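The values are calculated or read from the model by the stated rules, or taken from the named source; none is laboratory data. Bear in mind the structure is a predicted one, so any value in this text is a computation, not a measurement. Quick reminder, even Gly has a Cβ in these numbers, built from the backbone with ideal geometry, and neighbours come from all protein chains shown. Heavy atoms of the whole protein, side chains included, go into the accessibility calculation; ligands, DNA and RNA do not. Shrake-Rupley method; radii C 1.70, N 1.55, O 1.52, S 1.80 Å.
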Amino acid sequence: MLFNPALADFVHTHSASLDYLAVIPDRSWVDHGPAASPRFDDLPESVRLFEQTALRVPLVMHSIGMSICSADIFDAAYVDQLARWRGLYQCAWASDHLSFSRSGAGHESNAAMALPSPYDRELLDLLIPRVDAVQQRLGCPFLLENNVYYFTYPDQEMTEAEFLNELTARTGCSLLLDLHNVHTNALNHGFDPIEFLGSLDLSRVLEVHVAGGSAMMGFHTDSHTGPAPDAVWDLLRFVAPRAPALRGVTFEFHESSWPLLRTAGVLGQLDRARSIAAQPLHSSIWP
Amino acid sequence: MALSEFQRALSEMTVAPSLAARVRAEGEPPLAAYDLTARERARLVAVAQHPGMDLNCTLARGNRFGPIVDVLPLTCTLLKPWLRELLNELWQNKRPENYQLSGEEHAFVAFLQGKLAGGEFSHPYLAEVLEYETASWALVQSLRHTAEGDEPPPGAEPFRVVLFTHDPAALLPPLEAGALPPDGLPGGRYPVRVTLRGDTLVVEHETPGW
Ligand SMILES: [Fe+2]
């Protein structure tokens with residue numbers, strides 16, 4: 001499960017139901033920006049919660065600020081901050097997104113959302129040394145998450161699957177395969193999600209995301225609303241037996257969906273993930 | 001580096017829908033300020049023409065609005081009829097500056113305060129509702145930065161006093177229910193004390209029954 005603020009009590013009461021907890025570390029600090037010193041201010045309230053939780057449940061990190069595809073920004077100090085967190089809580093692995101939101105080194109601007117960059121050789125050449133550096137600095141498996149995208153670029157040099165396969169093969173990094181993102185892209189752009197998954201090197205998948213979405217402006221969106229739909233569980237059924245390195249299935253939902261799910265709903269999603277992944281994941285979370 | 005210019009242009013099209021609209025209507029000329037290859041220009045034009053770009057712009061606006069409505073839910077309800085235009089005006093030249101989208105709420109507060117001070121926007125209840133929410137927010141922020149064991153003892157909790165000029169007992173409950181308050185509430189002096197006790201905001205007022 002990915003932690004959100006609506007889950008503070010749940011995590012306290014139901015930690016025994018969790019094999020691990022994914023947390024967004026960026027929600028526990030204020031980042032005053034690359035030029036500030038000190039740059040990061042931890043928020044004691046969130047730190048307290050994670051300290052207490054980490055005593056009972058293994059934590060994994062799912063960060064949102066690396067913007068690893070930004071052409072003109074590679075934020076080593078941000079990676080250092082992640083490494084500090086990883087050390088504090090002994091996170092089994094760390095992940096971020098294969099996208100950019102930050103641009104304009106010096107005077108930074110933000111797109112207010114994660115944007116995909118075209119799957120070209122140029123991007124691959126940019127990413128390979130960065131991923132190597134991140135893996136080395138973090139000292140734990142590093143995963144990149146496949147994008148949700150609402151438009152496509154013409155003339156990309158590689159397909160998404162080719163790009164992911166080559167990136168993971170050449171860097172040794174793992175894949176955080178978000179199945180709701182695959183489902184969303186397949187619905188919006190009219191392709192067969194199973195065919196897409198069949199062209200991916202699933203041996204690189206270490207974690208899977210499952211989530212729900214909603215309709216908006218004629219699209220299916222990745223809004224993390226409510227439970228994951230049946231179609232996403234079908235994709236998990238395809239992936240799980242073909243992904244020998246899979247160590248966790250994470251249910252994500254937006255805190256505004258808590259009234260829709262509540263304790264029973266969340267536990268139901270975790271049970272469903274476990275029953276499809278076929279084996280108790282607890283034993284496999286640690287290498 | 002061309003890729004960085006491409007990303008800067010796409011980012012600008014996402015947070016400034018007017019650029020996306022111009023590229024959709026006019027093609028490449030509005031992108032002249034960016035140092036792009038022919039392929040990158042063609043891609044940005046294709047993206048601008050894709051209906052998914054409209055959705056992207058809407059989602060980015062929603063993300064920017066998140067921190068604002070978290071801090072100022074009552075102000076946003078009060079401003080509902082004008083909110084879209086006010087945000088358009090604020091965001092026309094103001095870009096998000098960091099991935100945490102911190103500062104969006106500060107910018108909106110400063111923008112509204114400037115509008116009120118300059119007389120460019122007037123609303124009989126806005127100043128006091130805005131002051132009430134910014135005071136409450138400042139107290140909650142102090143809690144977020146308090147280390148365990150550093151909590152103030154009873155009687156020494158942080159507080160703010162906000163002077164309402166309309167009865168908060170008539171003004172705040174409708175806003176808290178997501179509705180507009182009645183027009184024409186009578187004026188007066190209603191000092192309200194907002195205190196942070198533990199992790200709860202306690203609101204006390206001199207008016208009996210509130
Ligand atoms: Fe995800």
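Annotations for the structure displayed:
- Within the full protein context, the accessible area of B:ARG193 is estimated at about 100 Å² for a probe radius of 1.4 Å.
- Stokes-Einstein D for the protein assembly as shown, Kirkwood Rh over Cα pairs, 4 °C, 1.567 mPa s (µm²/s): 53
- Residues B:VAL140 and B:GLU176, FRET efficiency given R0 of 22 Å [Cβ-Cβ distance, rounded to 0.05]: 0.85
- Candidate residues B:LYS94, B:LYS80: accessible-area rank, largest first, probe 1.4 Å: B:LYS80, B:LYS94
- Extending 7 Å from the Cα toward the beta-carbon at both A:LEU55 and B:GLU28 defines two label points whose distance is 6.4 nm.
- From the alpha carbon centroid of the stretch B:31-47 to that of the stretch A:17-89 is 35 Å.
- In the stretch B:126-205, one over the average inverse separation of all distinct C-alpha pairs is 13.7 Å, which is the Kirkwood hydrodynamic radius.
- Relative contact order, whole percent, for the stretch B:126-205 stands at 33, derived from Cα pairs under 8 Å and 6 or more residues apart.
- Cα Rg, Dmax, the stretch A:1-143, angstrom units: 15.8, 48
- Tilt relative to chain B, helix B:38-49 - C-alpha long axis, 0 to 90 degrees, to 10: 50
- Efficiency of FRET between A:GLN90 and A:ALA36 - r from beta-carbon atoms, R0 30 angstrom, step 0.05: 0.60
- Zone of A:GLU157's modelled label, taken as backbone nitrogen in the stretch A:113-132 under 20 Å from a point 7 Å along Cα→Cβ: A:116-132
- Exposure of B:HIS123 as accessible area (Å², to 10), given a probe of 1.4 Å and all protein chains: 40
- Inter-label distance, A:ALA231 to A:GLU166: 3.0 nm, where each label sits 7 Å from its Cα along the C-beta direction.
- Charge dipole magnitude, Cβ of K and R +1, D and E -1 - the protein assembly as shown, Cα centre, debye nearest 20: 340
- Order of exposure, largest accessible area first, which applies to B:LEU139, A:LEU55, A:LEU49 with probe 1.4 Å: A:LEU55, A:LEU49, B:LEU139
- Largest first, the residues B:TRP137, A:TRP85 sort by 1.4 Å accessible area into B:TRP137, A:TRP85.
- A Förster radius of 45 Å combined with the Cβ-Cβ distance from A:ASP192 to B:THR58 puts the calculated FRET efficiency at roughly 0.95.
- Per-residue SASA entry for B:ASP70, accessible area with 1.4 Å probe, Å² rounded to 10: 120
- Selection from B:LEU87, B:HIS166, B:HIS106, by position along the positive dipole direction of chain B (Cβ): B:LEU87
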